[in-house]
Amino acid sequence: MVSEEKRRRLDPESDASALKALTHPLRIRLLGLLRSDGPATASELAAVTGESSASTSYHLRVLAKYAFVAEAEQRDGRERRWRAVHEVTSWSNEAMEASPGSRDFVGTMRRRQIQHLGEALTRHEQDMEAGRLSPQWVEPSGISDMLPRLTPDSLAELWRTFDDKLAELTTRDASDPRAARTVVFTAGLPLASRPTAEDPQAAGDGPHTARSA
């Protein structure tokens, strides 16, 4: 589990402006790149995203204003380098649902996570084809799509178990030279039954849950 000092917890009331700032697609991507690839300059991020350095510089300053990024150690003093302040951004789904102005934020972040999965898959395939990853990664790599029937309590327990195990393995592999940055994508999205001709109201609102960005 990510330690609290490496986690940014957003509150829909006290962090309303930060929530609004983070929903910009380029800002979400810039923050993700700094988290996955480490500190970078606006020019380096512009080259990766296809944006102008003026644009990335502006959006990095907005992220810095709300403490998502900060200046990193400079290599030569010629151009400012940026780093992500936290490894994870999280929130309470119940708090977000109770705040009308924050409901759209959760949906935006979920869809960005889906987009990130597609980007990660493309990069993984390119890295494997180019030989940048060891053949040992062929077998354990993959994506799973399951539809178990669970209660709300069981789904919550599954998240806790997953988080605990991931923390254990991350600690174990911290000093192993074979370890590589790995995109681990998880989702728990309960679905209501679809309506039928006999009972068109059968698909009422079902339970729902989400994970942090």
As straight-line cross-link partners of residue 6, the qualifying lysines (C-alpha separation under 20 Å, not fewer than 8 residues apart within one chain) are 65, 165
Using alpha-carbon coordinates alone, the radius of gyration and Dmax of the chain in Å work out to 19.6, 71
With -39,500 (n - 2.57) per DSSP H segment of 4 or more residues and division by the full residue count of the chain, the 222 nm estimate, nearest 500 deg cm²/dmol, is -14500 deg cm²/dmol
Candidate cut points under trypsin sites (Lys or Arg not before Pro) in segment 36-84, DSSP loop plus at most 10 other Cβ atoms within 10 Å of their own Cβ, are 75, 78
In segment 85-172, the trypsin sites (Lys or Arg not before Pro) that sit in a DSSP loop and have at most 13 other Cβ atoms within 10 Å of their own Cβ are 132, 149
Cα gyration tensor of segment 111-156 diagonalised, 5x eigenvalues square-rooted, in angstrom largest first, produces semi-axes 29, 15, 7
The Kirkwood hydrodynamic radius of segment 1-90, taken as the inverse of the mean 1/r over all distinct Cα pairs, in Å, comes to 13.3
For the chain, percent of DSSP beta bridges that are antiparallel (nearest 5) comes out at 55
Expressed to one decimal in nm², the mean projection of the alpha carbon convex hull of segment 91-138 is 4.5
The chain accessible area per residue, 1.4 Å probe, protein heavy atoms, integer Å², reads 69
As a Kirkwood estimate from alpha-carbon pairs, segment 74-200 has a hydrodynamic radius in angstrom of 19.0
Computed for the chain: size of charge dipole around the Cα centre, +1 on C-beta of each Lys and Arg, -1 on C-beta of each Asp and Glu, debye to nearest 20, value 700
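The values are calculated or read from the model by the stated rules, or taken from the named source; none is laboratory data. If you're wondering where the values come from, they're calculated on a predicted model, not measured in any experiment. Cβ coordinates were reconstructed from backbone atoms using ideal geometry, including for glycine residues, and neighbour counts include every protein chain displayed. Calculation scope for accessible area: heavy atoms of the full protein, side chains included, ligands and nucleic acids excluded. Shrake-Rupley method; radii C 1.70, N 1.55, O 1.52, S 1.80 Å.
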